[in-house]
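Written below as structure tokens is the structure these notes are about.
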Amino acid sequence: MLNPRRVLIVGAGAAGTAAAYSLSRDKTFAVEVWEKAQVAGGAASSHDISENIFINDGVQGGCPTYRNTINLMETFGFETTPVNMMISFGKGKTAWTNYSTTDLVRRLAPEIRRFGRTLEIINKWAVFFIFMPIALVLRLFRYSDEFRNCMVFPLTALFFGTGNKTSRVSAAIMARVFLDKDLRLFDYDPKLFLSQTPEMFAFPRLDEMYETIIRKCGVDFYGGRAVKSVRRKNSLVYVTDEYDVVDIYDYIIFACDAETVLSVLKGPSHMERRVLGNVKYYNDLIVTHEDKEYMDRYYEVHLDKDQYFVRTYDWNPEKIEMSFNLSNYQPQLKRSRRNVFQTIFLNDKLSAAWTEREIRRSKVLLTKWWRQFSHSWSHFAFTVPFMRYLQGQRRTYYCGAYTLINTHEIAIISGFAAAARVGAAYPFPQDKLAASQFERYMLIVHGRPSRWGFNKESVIAICLKPLMSAFAILAMFIRFIRYIMRYK
């Protein structure tokens, strides 16, 4: 019997865990996972806040279209908890929700009705709008500042965790979450803007879930082992860890952030430096607390209903702050009858305007920094279209939410895709929606159909592949338009 091919996965978050599971099903691979933290999960973590009570942190849940995530969970005996998402935006004259009519909704009713047609136009011509920031498109379609700042930007930030770079998010991506049957999170409502209380789900304890998946996969997991350097030579990958121990692999899958990849790669190609270097990150501060007075001061709080809160800053309506009532989302907190809030202060470069000092220290349960990537239009112009040209070069593959859109489902799919490129079979071909999402990701980020499927869409994508790089030229033209219009 031939020796199994050795594969190293760097990072044990959602993407790395998915890749490990997929590869573990094929005994021709010997898989190792190195994770700099002691436990698996990455950004999807859990913390004990008191005896027998924990919170999930970083990732709260998802929607029913997250079929790859749900299938992976069910494979290992984990279940989701259904919830109906209820959101409170703004305060006072800027307040609105997805379950009631407010003064703001009545005031902006004509623009809300018109926005549906705008979404259809953006979605139809997505090949052009993918390179245009949502703020610029809304100006071109002559929407008011109030509609942009009080409704569209806060909602976009909620969708993607885009922080205070929301105005730069690609317009086409915004349209997709409303209209794409596989990706949408909400249905557009011509009266309330959002459909009322869409069905979502909450995760079980995340650290336990990821630890279980990694353990039952049977792969070799090394927690607390960071990569120091990666050198690729003679069709092999030489990896040095933080203790200067060197090991040799046939393939490497980077399931970590783009910054880490560039910091450890020895002799990265020009394309790797340009494409991965274009991924921009910023720091957020997450404060978990029980200070209801703080929440009442800045939000319209309905304790028995709202899960999400978003407010804009008075000094700049394009900048926002986000909060959650975790007790209306996570079932273990709901049973405890405690109101546990989480407030996210976005982009440390704006920390002078943060109000986190107003949260009483005695009410703070946990403080945590979070490194987040930006969904700016340039991400979809200079990173996403070119990821396909990095995949498989010098026995190296890349996965993670940053390769496309920052959702847990995309992270899971990206791990399956990297494993498929190495040679593992996609694990859920029987689920048509999950398989369709996987196939679409393969076409966009890897530039080819999966090994298990080949259809008309695949043929068209391959034929058009040489044209994809030309889209970046269009992005440069959009830059020129932005300059002419003095858009900031």
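The values are calculated or read from the model by the stated rules, or taken from the named source; none is laboratory data. Fair warning: this is a prediction, and the values are worked out from it, not measured in the lab. Cβ atoms come from the backbone with ideal geometry, glycine included; neighbour counts cover every protein chain shown. Remember, those area values only see protein heavy atoms, side chains included, never the ligands or the DNA or RNA. Shrake-Rupley method; radii C 1.70, N 1.55, O 1.52, S 1.80 Å.
Table for the structure above
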item: Residue ranges of strands (runs of 3 or more DSSP E) in segment 236-321 with at least 1 members over 26 Å from A202 (Cβ atoms) and within 26 Å of the chain's Cα centre (by Cα); result: 251-254, 281-289, 308-313
item: Unmet criterion (only one of (1) over 28 Å from D348 (Cβ atoms); (2) modelled with pLDDT under 85; (3) buried (at least 19 other Cβ atoms within 10 Å of the Cβ); (4) among the aromatic types (F, W, Y)) for F129; result: (2)
item: Test: residue in segment 58-81 that is in contact with a strand residue (DSSP E or B) (Cβ under 7 Å, 6 or more places away or on another chain), surrounded by 21 or more Cβ atoms within 10 Å (Cβ to Cβ), closer than 20 Å to Y308 by Cβ and not hydroxyl-bearing (S, T, Y); result: yes
item: First in segment 234-257 and among the small types (G, A, S), second anywhere and assigned to a strand (DSSP E or B) and open to solvent by 40 Å² or more (accessible area, probe 1.4 Å), Cβ under 8 Å, 6 or more apart; result: none
item: Cross-chain or 6+ apart pairs with Cβ under 7 Å, segment 385-397 first and within 15 Å of Y249 (Cα to Cα) and open to solvent by less than 30 Å² (accessible area, probe 1.4 Å), then among the polar types (S, T, N, Q) and at pLDDT 95 or above; result: Y397/Q391
item: Those strands (runs of 3 or more DSSP E) lying entirely in segment 18-132 with at least 1 residues over 30 Å from G423 (Cβ atoms); result: 45-50, 53-57, 81-84, 87-89
item: Restricting segment 340-361 to residues that are surrounded by 17 or more Cβ atoms within 10 Å (Cβ to Cβ) and in a loop (DSSP other than H, G, I, E, B), the residue that is modelled with the highest pLDDT; result: I359
item: Pairs, first open to solvent by 10 Å² or more (accessible area, probe 1.4 Å) in segment 187-214, second in a strand (DSSP E or B) and among the charged types (D, E, K, R), C-beta under 7 Å, six or more apart; result: S195/D189
item: Yes/no for A418 being of a type in the set (G, A, S), more than 18 Å from R448 (Cα to Cα), buried (at least 21 other Cβ atoms within 10 Å of the Cβ) and touching a residue at least 40 places away in the same chain (Cβ under 8 Å); result: no
item: Any hit, segment 107-122, residues being open to solvent by 40 Å² or more (accessible area, probe 1.4 Å), in contact (Cβ under 8 Å) with a residue 12 or more places away in the chain, touching a Lys or Arg at 6+ places or on another chain (Cβ under 9 Å) and more than 27 Å from K319 (Cβ to Cβ); result: yes
